[in-house]
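Asks: Below is a structure I'd like to ask you about.
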Amino acid sequence: MPDTQALVMTFLTSLKNATARQTAELLRSVISQQRVPYTNQAGALIDAVKAVGEQLIAANPVELAVGNIVRRVLHIIREEDLSLTTAAIGELNLSAVSDDENDDDRDGNTTLSAAAVAAAARSTLRPPSLQTLLEDTPVSAAVPQTSSSGAADKSSRSRKLKHDVIEAVNELIQDIVTCHEQIAEQAVEHIHQNEVILTLGSSRTVSEFLFAAKEKKRSFRVFVAEGAPRYQGHLLAKELVARGLQTTLITDSAVFAMISRVNMVIVGAHAVMANGGVIAPVGMNLVALAAQKHAVPFVVLAGSHKLCPLYPHNPEVLLNELRSPSELLDFGEFSDCMDFGSGSGSPLLHVVNPAFDYVPPKLVSLFITDAGGHNPSYMYRLIADYYSADDLVVQRRAIAGN
Amino acid sequence: MDSRRSSRAVIDPKVRQVGFFTSAPLPPDRTQSDPPDPIRSPPLADASSPGNSLSPVMIPPPRHPSDSLLRLPHSPSDAFPPPSPTTTTTSLGDFSDDVTAASSPPPAAARVRGRGSSVKQQGAASSFPGGGFEVPPSVKAPSSVPASGLTTVSVVKLPPGISVEVQSDRALNSKPLKEKTSKAERRAIQEAQRAAKAAAKAEGIKTPAVTALANAKSAKSTKPSPQRNDSAVVVAASEKKGGDRSVEKDRKKDVPHPRMQYDDKSRVQKLKKRSVVKPTEARNRVELFRHLPQYEHGTQLPVLQSKFFQLDTLHPAVYKVGLQYLSGDICGGNARCIAMLQAFQEAIRDYSTPPAKTLSRDLTAKISSYVSFLIDCRPLSVSMGNAIRFLKSQIAKIPISLSESEAKATLHSDIERFINEKIILADRVIVKHAVTKIRDGDVLLTYGSSSAVEMILQHAHELGKQFRVVIVDSRPKHEGKLLLRRLVRKGLSCTYTHINAISYIMHEVTRVFLGASSVLSNGTVYSRVGTACVAMVAYGFHIPVLVCCEAYKFHERVQLDSICSNELGDPDSISKVPGREDINHLDGWDKSENLQLLNLIYDATPSDYVSLIITDYGMIPPTSVPVIVREYGRGQLWI
């Protein structure tokens, strides 16, 4: 697996602009190149993915989408394993009955394997419960005995598992690619004629959403807040204008002044947390507060890969990234009035340039994901569909596995 | 009432004079009857100054009285000498004549006597503008004094100018003055106001932006007959009803004039004809802001420069200030106001009345033309509007008998006084108040660059308070950078960030200090765009928001949003990010009809977000703004 290692390394260096899709593709190649032992393929795959995932997450913990994808791939492996195991249980029951009578020598082995299969089935079938969480035994440790029986069907099963997992990961990649379209399909349900929409910064999801409504012959105007210091809003404004939408570009400071004339705020998100809070480009909390003050609906568009199963704690600090001050001030600009030699050693001037804002769930009116529209309070349930509880903490398991 | 006044006979006038500090004192009185007096009056002023300096500065001038004041003081000498009221028949003289005619005999008698003692009386009168200057800001007592001042005024209900006379009169005769006097005088005042308002209205059509107090036109309509003086009592009685009605009318007229709406085509056409700058209309105008002027930026400057030698009507100082507004070299409410007033000072100094014209009328017209030029360069701020109103009222107050040089000297000192008292001293008082709100260990957040806030921070630093400053800045002006530079130079510990990160930085902030371009009478703070965002986030974090604003920037207008009235800046500065050449997505945007760039200059902060407004009258909640505007504002604006 040195080749995957190389892949991981190049990915890590390019993680600055990593997307969920790239992560999924990387993990797919990790899975496909992973040599699966005859026994316990699922465990081996999970371990491999976790090891890589841990590296990815550690490289940029704020890039939550990467962690999300790692968890979803783990979830996929578990799901596939589960479905194969349930199928195997049915077969095994039949074979166990037939074996039982003619071959005593293999008796113990079969019963053991049957028990192991049952245990494996139990562990995978069981819904996440406190007991599974507390049983800190890694799945890889629990599964080993699983399939020590029947070499013939084993090999086919192992191939099948890997094949199924890769198939499912492909589906996931497809989902990520098409999530914009799926979200955009819902645009006409939310945008009416002559609507005035405000957005901040630029998001592919948002622009697709607006284009979709425009293509359905809805005419509406868009206010774009430029989203300093990245000024992505300029880009969005250009795209919208190219599509023939009435667009007004405003500074971020004018958001409060203009929000009273806006019918709806539609924004993209960096990540959606399990409590319904949103990690979004900096300045978003300002928009959300202003929207709440004027009772303007605040709608967040997010593909399902942006749904993060974690609950945030102090997200403004812990899930934030402080970018270079040079985006706000030129380094040379203030060198003349900085007196480094004197004083207590702490510089007089600090420049704060965070990349993200946290919007608490109470300020969000609606989430539109590729699975439809949802309330912030429902996000935790939606998220539970995509992830298995065992994977919530990737690092710890991986360390335990190592 | 009587007893109270008699007991305070000595101090009272002085208190009022000092209180008159807000409004313009009685320069006409002084300048008119002792024209050569600059030399003579100082000793007298000195004589009265000790009491003066002791007395609280902040007695509010009664509002109606002060209104009338501009005419009454000079009316006695001008119009009263019975034989020849009409010989000096200029419109102004007539007008004031009318005012006195409306008042009843007792004051008339008082005046006659007052004239006898004119030296003394006028000495006192002349003393107090000086007194107003000399009083250090520290003497200004905060809110408690105004309160008492208010009661006095409401009891006495006499215009200060009159009361001065009355008391000097009593001093001579020790004959108690009756209430009747004041009533009659009040009626006279109302009449005067009505006439003034009518005049203002007539003038206002011409110069919509500034309500001028020119009285020329209305004077004709109210032209009195000489014998009215004789039958003054009758007239007063007969005018009682009219006077009552006029109060109502006055109230109605208190409503500020509607602003120029730029979607009104006919008026825009008219305006264009007059304007010097001739800006080209912006192509992609924002639909929502059709009512505001939206011009191509950058086009006016070269045009203006080329026109320099054709603009012979324009004083070079005014021209210079206009260019500075246009290029943005001077910005900020106070700086713009001071620059404008100083330019006017120079213009007035070089002014000479054309033959066959009167100074007050011609100079008013002149100032109006300057103002419209300045409006062309950049729309007036509220502070400038108020200052212009003050100046015009001062011009209108100049008595006709005054020689030109004296009148000019008077105006010069009036302007000087306005700058000193309303801006410089007011800022010092604000600093004094605000510093009490800064404690050790505080983290103070400020937005943009406000001159008042900067002074507060520097003063607190000089006092040795340990605090940190968070400077929040915004595109496209980046005013905060300049403030940051100045504060870092002074050794203050600063944190700099953009307004986007306000929610991030607000966690560590303990106080928010904001400047304001104006405070409107519904408590709305009208200030640089983004102020509302900062106040909103601070409110969300339960952090007190303190707005620092001089009282001369208060305005009786009300506003609910930032759209109905605003100013639009250069749209190109939105699409370009200085120092970031990679942001060039919008190069060539103007080809597209669909794209508009909106560069708002101001926004309106709802009063809910404001915890406190620090002004030269003390620290008040936003709900008290209308009180200040009512009790102090008119004195200053309408004198």
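Asks: When the range B:571-585 is examined, which residues are found to be under 42 Å from the mean Cα position of the chain (by Cα), assigned to a loop (DSSP other than H, G, I, E, B) and crowded, with 18+ Cβ neighbours inside 10 Å?
Replies: The answer is B:571, B:577.
Asks: Can I ask one more? Can you find, within the range B:459-477, the residue that is farthest from residue B:430 (Cα to Cα) among those that are modelled with pLDDT of 90 or more and within 11 Å of another protein chain (Cβ to nearest Cβ)? So that I can check it myself, show each step before the final result.
Replies: Filtering the range B:459-477 for residues modelled with pLDDT of 90 or more gives B:459-474.
Next cut, within 11 Å of another protein chain (Cβ to nearest Cβ) only: B:468-474.
Values: B:468: 20, B:469: 18, B:470: 20, B:471: 20, B:472: 22, B:473: 23, B:474: 25 Å.
Per the criteria, the residue is B:474.
Asks: Consider residue B:513 against the criteria (1) outside any helix (DSSP H, G or I); (2) of a type in the set (A, V, I, L, M, F, W, C); (3) within 11 Å of chain A (Cβ to nearest Cβ): it satisfies all of them except one. Which criterion is unmet?
Replies: The single condition residue B:513 does not satisfy is (3).
Asks: A follow-up question, please. So which residues in the range B:446-496 are crowded, with 18+ Cβ neighbours inside 10 Å, part of a loop (DSSP other than H, G, I, E, B) and over 31 Å from the mean Cα position of the chain (by Cα), if there are any at all?
Replies: If the condition is that a residue be crowded, with 18+ Cβ neighbours inside 10 Å, part of a loop (DSSP other than H, G, I, E, B) and over 31 Å from the mean Cα position of the chain (by Cα), then B:492 is the only one that fits.
Asks: Please work out which residue is modelled with the highest pLDDT, limiting yourself to the range A:199-245 and to residues that are under 27 Å from the mean Cα position of the chain (by Cα), away from chain B (no Cβ under 12 Å) and not in a helix (DSSP H, G or I).
Replies: A:199
Asks: Name the single residue that is nearest to residue A:279 (Cα to Cα) among those in the range A:38-74 being among the acidic types (Asp, Glu) and assigned to a helix (DSSP H, G or I).
Replies: Checked the range A:38-74; the qualifying residue nearest to residue A:279 (Cα to Cα) is A:54.
Asks: Look at the range B:593-620 and say how many of its residues are more than 7 Å from every other protein chain (Cβ to nearest Cβ) and either among the β-branched types (Val, Ile, Thr) or free of Cβ contacts under 8 Å to residues at least 40 places away in the same chain (or both).
Replies: Total satisfying the criteria: 7.
Asks: Further question on the same structure: Restrict the check to the range A:302-311 and report whether at least one residue is farther than 24 Å from residue A:220 by Cα and surrounded by fewer than 17 Cβ atoms within 10 Å (Cβ to Cβ).
Replies: Yes, that holds for at least one residue.
Asks: Among (1) within 14 Å of chain B (Cβ to nearest Cβ); (2) at pLDDT 90 or above, which single condition is residue A:369 missing?
Replies: Condition (1) is where residue A:369 drops out.
Asks: OK, next. Quickly run through the range B:595-631 and pick out the residues that are under 18 Å from the mean Cα position of the chain (by Cα), among the charged types (D, E, K, R) and surrounded by 19 or more Cβ atoms within 10 Å (Cβ to Cβ).
Replies: If the condition is that a residue be under 18 Å from the mean Cα position of the chain (by Cα), among the charged types (D, E, K, R) and surrounded by 19 or more Cβ atoms within 10 Å (Cβ to Cβ), then B:616, B:631 are the ones that fit.
Asks: Any residue in the range B:306-319 that's modelled with pLDDT of 70 or more: show its pairings with residues that are polar (S, T, N, Q) at Cβ separation under 8 Å, as long as the two are six or more apart or on different chains.
Replies: Listed by first residue and then by second, the contacts come to B:313/B:369; B:314/B:369; B:317/B:342.
Asks: Hey, among the residues in the range B:547-565 that are buried (at least 23 other Cβ atoms within 10 Å of the Cβ) and over 11 Å from the mean Cα position of the chain (by Cα), which one's nearest to the other protein chains (Cβ to nearest Cβ)?
Replies: That would be B:562.
Asks: Condition first: buried (at least 22 other Cβ atoms within 10 Å of the Cβ) and more than 8 Å from every other protein chain (Cβ to nearest Cβ). Now tell me which residues in the range A:246-266 satisfy that. Can you show your working first?
Replies: Step one: of the range A:246-266, the residues buried (at least 22 other Cβ atoms within 10 Å of the Cβ) are A:247-259, A:262, A:265-266.
Scanning the range A:246-266 gives A:259, A:262, A:265, A:266.
Asks: Scan the range A:188-197 and give yes if some residue there is in a loop (DSSP other than H, G, I, E, B) and either of a type in the set (D, E, K, R) or under 30 Å from residue B:578 (Cα atoms) (or both), otherwise no. Steps first, please.
Replies: Of the range A:188-197, the ones in a loop (DSSP other than H, G, I, E, B) are A:191-195.
In the following step, the residues that additionally are either of a type in the set (D, E, K, R) or under 30 Å from residue B:578 (Cα atoms) (or both) were identified as A:195.
Yes, the range A:188-197 has at least one match.
Asks: Looking at the range A:267-310, which of its residues are in a helix (DSSP H, G or I) and more than 10 Å from every other protein chain (Cβ to nearest Cβ)?
Replies: Residues satisfying the conditions are A:291, A:304, A:305, A:306.
Asks: OK, next. Suppose we keep only residues that are in contact (Cβ under 8 Å) with a residue 24 or more places away in the chain and of a type in the set (Ser, Thr, Tyr) within the range B:497-516. Which one would you say is surrounded by the fewest Cβ atoms within 10 Å (Cβ to Cβ)?
Replies: Among those residues, the one meeting the criterion is B:510.
Asks: Could you please find all residues in the range A:246-260 being part of a strand (DSSP E or B) and over 15 Å from residue B:475 (Cα atoms)?
Replies: Within the range A:246-260, A:246, A:247, A:248 meet the criteria.
Asks: If residue B:490 satisfies every condition in (1) under 29 Å from residue B:291 (Cβ atoms); (2) more than 7 Å from chain A (Cβ to nearest Cβ) but one, which is the exception?
Replies: Result: residue B:490 fails condition (1) only.
Asks: Can you tell me how many residues in the range B:552-562 are touching a helix residue (DSSP H, G or I) at 6+ places or on another chain (Cβ under 6 Å) and of a type outside the set (D, E, K, R)?
Replies: Total satisfying the criteria: 4.
Asks: So how many residues does the range A:346-366 have that are at the interface with another protein chain (Cβ under 9 Å from one of its Cβ atoms) and polar (S, T, N, Q)?
Replies: Going through the range A:346-366 one residue at a time, the tally reaches 2.
Asks: Right, something else. Being crowded, with 24+ Cβ neighbours inside 10 Å, more than 14 Å from chain B (Cβ to nearest Cβ), at pLDDT 85 or above and in contact with a strand residue (DSSP E or B) (Cβ under 8 Å, 6 or more places away or on another chain) is the requirement here; does residue A:165 meet it?
Replies: no
Asks: Please enumerate the residues belonging to the range B:534-570 that are closer than 15 Å to residue B:610 by Cα, touching an Asp or Glu at 6+ places or on another chain (Cβ under 9 Å) and either in a strand (DSSP E or B) or without any contact (Cβ under 8 Å) to a residue 60 or more places away in the chain (or both).
Replies: Correct list: B:548 only.
The values are calculated or read from the model by the stated rules, or taken from the named source; none is laboratory data. Model, not experiment: these values are computed from the prediction. Every residue, glycine among them, receives a Cβ derived from its backbone with ideal geometry; neighbour counts consider all protein chains shown.
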